[in-house]
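Participant: Before anything else, here's the structure in question.
We did not get these values from a lab; they are worked out from the coordinates using the rules stated. This one's a predicted model, so the numbers in the text were calculated from it and none came from an experiment. Every residue, glycine as well, gets a Cβ built from its backbone with ideal geometry; the counts of neighbours run over all protein chains shown.
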């Protein structure tokens with residue numbers, strides 16, 4: 001959506017998306033460079049070890065987040081109709097601290113105490129409150145912590161030469177972001193009433209999305225080798241960089257869609273058409289870039305990562321599918337019917353895991369990338385069906 005339609009949606013979207021995108025992209029770019037520095041400085045094996053620990057802590061952090069990444073902005077934009085935001089914060093804080101302690105204990109018991117600092121990722125994801133600012137359509141405030149995270153991680157990564165030092169670098173970046181996020185975002189008094197604990201459907205959905213997009217790295221380490229996992233984790237940074245851009249550009253869509261759905265169903269329909277038209281053009285651009293992106297792998301990461309070129313091409317094609325379907329996520333979530341959305345995401349994750357288990361042993365990284373592409377195609381089709389059914393319900397209601 002790039003222009004106003006007489007309702008002010010275009011101006012409101014730009015007011016959130018432009019500052020949010022600029023700050024978030026700066027932070028994501030710095031973090032991307034930080035991971036590149038770590039990949040080159042540590043080597044594939046040590047980088048794979050760090051990446052697996054990071055992804056495991058990220059999963060625990062997603063549990064601690066309790067779906068706030070997706071549901072939080074909607075609940076704030078819905079002005080308390082979904083329950084107490086303060087109760088949401090309390091639930092997330094308790095989970096974040098508990099799961100971070102568990103992560104530290106697991107790494108110590110597993111004989112990897114040098115990786116224990118990565119547990120800060122768990123706490124950072126569960127304590128962050130960027131979603132409050134995003135729900136209030138305050139784009140700059142919502143993105144400042146991510147900018148801090150990327151800058152600090154990059155600076156710390158420059159001095160890392162071991163997996164343990166890399167873990168400290170990651171912990172420093174994510175910890176700094178959490179401190180800034182809490183300091184900038186107090187719980188609004190008018191959204192603090194009530195004690196109802198939010199249900200877990202959106203947590204299930206977000207966790208399933210992460211499984212679909214990143215469990216293949218862990219499975220590669222288990223079914224193939226940590227070296228292949230390291231190469232795959234590195235090349236995944238290329239599509240992840242674009243997904244970060246896409247997420248930033250769409251950041252304002254969920255609160256806007258929530259307001260439109262409650263206030264003006266016709267405006268919601270226009271928002272849906274415009275956002276999908278824009279995502280189609282962006283998806284075509286990703287397809288055209290895919291061959292060049294694959295060729296850039298050894299240039300960006302070094303010759304040790306050259307075997308990642310074909311998997312990178314496949315992952316970029318999967319990224320084009322993700323791009324095409326990207327607006328369908330906030331459009332589906334805005335309706336407040338979290339259960340069907342979560343079930344779609346779980347179906348995609350189950351398919352992805354099954355394909356990975358079947359294809360990684362004979363095909364390695366390429367099998368993992370094919371699994372991701374197939375799962376994203378299925379998820380996109382199911383999301384289109386869900387949003388189309390939702391639109392039909394609005395017309396008949």
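Participant: As I understand it, the value is the acute angle between the Cα axis of helix 139-157 and the longest principal axis of the Cα atoms of the chain; what does it come to in degrees, rounded to 10?
Facilitator: 0
Participant: For residue 277 paired with residue 337, estimate the spin-label separation in nm (one decimal), with each label point 7 Å from Cα along the Cα-to-Cβ line.
Facilitator: 2.6
Participant: Rounded to a whole number of µm²/s, how large is the Stokes-Einstein D of the stretch 135-238 at 4 °C and 1.567 mPa s, given Rh as the Kirkwood radius over C-alpha pairs?
Facilitator: D, rounded to a whole number, is 76 µm²/s.
Participant: On full extension of the chain, what length is gained from residue 18 through residue 40, given 0.36 nm per residue of separation minus the C-alpha to C-alpha distance?
Facilitator: 4.7 nm
Participant: Find how much the distance from residue 357 to residue 155 grows on full extension, using 0.36 nm per residue of separation minus their present alpha carbon separation; answer in nm with one decimal.
Facilitator: Working: separation 202, 0.36 × 202 = 72.72 nm, distance 3.74 nm.
Contour length minus Cα-Cα distance gives 69.0 nm.
Participant: Hey, with R₀ at 22 Å, roughly what FRET efficiency would residue 93 and residue 200 work out to, going by the Cβ-Cβ distance, to 0.05?
Facilitator: My answer for the efficiency is 0.85.
Participant: If I take every Cα pair under 8 Å that is 6 or more residues apart in the stretch 144-281, average their sequence separation and divide by the length, what percent do I get for the relative contact order?
Facilitator: 13
Participant: Here's another thing I want to ask about it. Pairing the Cα long axis of helix 201-223 with the longest principal axis of the chain, what angle in degrees results, from 0 to 90 and rounded to the nearest 10?
Facilitator: Once rounded, the angle reads 20 degrees.
Participant: Now for a different question. Would you mind computing, in nm to one decimal, how far apart the modelled labels at residue 225 and residue 179 are, each placed 7 Å from Cα along Cα→Cβ?
Facilitator: The answer from the label model is 4.1 nm.
Participant: Here is a follow-up. Calculate for the chain the 222 nm mean residue ellipticity that helices alone would give, adding -39,500 (n - 2.57) per DSSP H run of length 4 or more and normalising by residue count, nearest 500 deg cm²/dmol.
Facilitator: My calculation for the chain gives -28000 deg cm²/dmol from helical runs alone.
Participant: Using the beta-carbon distance between residue 350 and residue 270 and R0 = 51 Å, what value does 1/(1 + (r/R0)^6) give for FRET efficiency, to the nearest 0.05?
Facilitator: After rounding to 0.05, the efficiency reads 0.90.
Participant: At 7 Å along Cα-to-Cβ for each site, give me the label-to-label distance between residue 33 and residue 109 in nm.
Facilitator: 4.1
Participant: Between helix 237-249 and the chain, what is the angle of the helix's C-alpha long axis to the longest principal axis, kept within 0 to 90° and rounded to the nearest 10?
Facilitator: 20
Participant: Given Cα pairs under 8 Å that are at least 6 residues apart, what percent is the relative contact order of the chain?
Facilitator: 22
Participant: For the stretch 15-129, I need the span (max minus min coordinate) of the C-alpha atoms along each principal axis, in Å, sorted largest to smallest.
Facilitator: In descending order, the Cα extents are 48, 35, 13 Å.
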